[in-house]
Amino acid sequence: MSQNNHKKILLTGAAGGLGVALRQRLKANCDVLRLSDRVSFGDAGPNEEVVLADLSDAEAVSAMVRGVDAIVHLGGISVEGPFAPILQANIIGVYNLYEAARLHGVKRVVFASSNHVTGFYRQSETITADRPARPDGLYGVSKAFGEDLSRFYFDRYGIETACVRIGSSFPEPKDRRMLATWLSFDDLHRLITACLSTPVLGHTIIFGMSDNAVTWWDNAQAKHVGYVPQDSSNVFRDAVYARTPPPDLADPAVQFQGGAFVRTGPFT
Ligand code: NAI
Ligand code: 15L
């Protein structure tokens with residue numbers, strides 16, 4: 001099946017790490033890719049549009065969403081920190097996005113959630129997506145809000161969403177924890193493509209990980225999405241072990257899935 005089954009896809013957070021990684025890749029999924037962020041990131045290329053918008057500005061978000069048929073929502077605060085920016089971007093911002101989707105008839109969203117929704121599960125556990133949220137900070141709480149909000153917009157308005165609880169999506173795993181949580185950029189694109197193209201998505205929570213040897217997450221409940229990872233952190237394992245010290249088993253960052261996030265803050 002062709003990957004290109006949308007006329008116009010909106011990619012938010014286009015200036016960020018994953019936005020940059022996905023910009024070229026997502027052009028295969030649509031005729032036109034609309035890119036947005038609150039900071040400028042250069043001009044539109046062929047088959048691209050650029051719309052600058054702060055997620056906390058409802059009017060700007062409405063203009064950003066108007067005319068697209070699917071949204072890949074990466075924009076927002078991506079780490080733990082003070083509550084005010086998280087509130088503006090990840091709570092008010094995601095509300096603005098779904099309201100705009102409802103008003104403009106957008107029927108499918110891929111929402112970049114995070115493993116930090118469940119960061120206070122232990123690394124010794126394997127969890128499925130229906131386990132209760134156990135956020136490891138205000139950032140994780142804000143992503144749990146986005147997951148709940150998107151479920152409401154599905155139940156009430158039929159807007160389908162894949163909440164992708166991304167593990168660690170970087171060019172390579174940076175430490176031993178990321179051997180379990182790593183998601184390659186190509187697998188992230190495969191996962192988003194699956195979410196955009198599956199005939200029936202519904203409201204689905206899926207852990208965003210590559211085919212890593214060690215994992216804490218079970219995606220059995222999201223099989224209908226059809227995501228099959230093709231990369232693995234295993235190829236980096238020896239190098240990561242060689243450059244990192246053995247774990248201190250008394251460290252909460254080693255005990256819990258959220259890693260160092262579980263002991264970050266407090267922020268004022
Ligand atoms: P990033 O921090 O590099 O990019 C986020 C982008 O959102 C930035 O370009 C920023 O300018 C924009 N943004 C922030 N506040 C905004 C606002 N109020 N209005 C409009 N735009 C705003 O983050 P990254 O790594 O690219 O992650 C993308 C998404 O994926 C984020 O939502 C993050 O929470 C999520 N995620 C990423 C993971 C990873 O391993 N990279 C892991 C788990 C989740
Ligand atoms: C996230 O949610 C962050 O956005 C990313 O920067 C990483 O810290 C990642 O989680 C992780 O847990 O490794």
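Values quoted throughout were computed directly from the atomic coordinates according to the rules given, and no laboratory measurement underlies them. Quantities reported herein were computed from a predicted structural model and do not represent experimental measurements. Note that we place each Cβ from the backbone using ideal geometry, even for glycine, and neighbour counts take in every protein chain shown.
Residues that are touching a strand residue (DSSP E or B) at 6+ places or on another chain (Cβ under 7 Å), within 16 Å of ligand 2 (Cβ to nearest atom) and either under 19 Å from Leu87 (Cβ atoms) or part of a helix (DSSP H, G or I) (or both) do not occur anywhere in region 123-133. Per the conditions (1) more than 16 Å from ligand 2 (Cβ to nearest atom); (2) closer than 22 Å to Leu188 by Cα; (3) surrounded by fewer than 22 Cβ atoms within 10 Å (Cβ to Cβ); (4) hydrophobic (A, V, I, L, M, F, W, C), the sole criterion not satisfied by Leu33 is (3).
To keep it simple, each residue is scored yes or no on (1) of a type in the set (Asp, Glu); (2) under 30 Å from Val110 (Cα atoms); (3) surrounded by fewer than 14 Cβ atoms within 10 Å (Cβ to Cβ).
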position	(1), (2), (3)
Thr215	no, yes, no
Ala222	no, yes, no
Gly226	no, yes, no
Asp231	yes, yes, no
Val235	no, yes, yes
Asp238	yes, no, yes
Ala242	no, no, yes
Asp248	yes, no, yes
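Could you grab me the full set of residues in region 18-47 that are part of a strand (DSSP E or B) and of a type in the set (Val, Ile, Thr)? Before the answer, list the steps.
First, pick out the residues of region 18-47 that are part of a strand (DSSP E or B): 30-37.
Scanning region 18-47 gives a single hit, Val32.
Residue-wise test of (1) in a helix (DSSP H, G or I); (2) surrounded by fewer than 22 Cβ atoms within 10 Å (Cβ to Cβ).
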{"site": "Ser78", "(1), (2)": "no, yes"}
{"site": "Gln88", "(1), (2)": "yes, yes"}
{"site": "Tyr95", "(1), (2)": "yes, yes"}
{"site": "Glu99", "(1), (2)": "yes, yes"}
{"site": "Ala112", "(1), (2)": "no, no"}
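Among residues of region 25-48 that are under 16 Å from Val65 (Cα atoms), those with a beta-carbon under 9 Å from a residue that is among the hydroxyl-bearing types (Ser, Thr, Tyr) and part of a loop (DSSP other than H, G, I, E, B) at least six positions away or on a different chain give the pairs Arg38/Ser56. Being out of contact with any Lys or Arg (no Cβ under 7 Å at 6 or more places or on another chain), among the polar types (S, T, N, Q) and within 21 Å of Ile192 (Cα to Cα), is that true of even one residue in region 36-57? Within region 36-57, one or more residues are out of contact with any Lys or Arg (no Cβ under 7 Å at 6 or more places or on another chain), among the polar types (S, T, N, Q) and within 21 Å of Ile192 (Cα to Cα).
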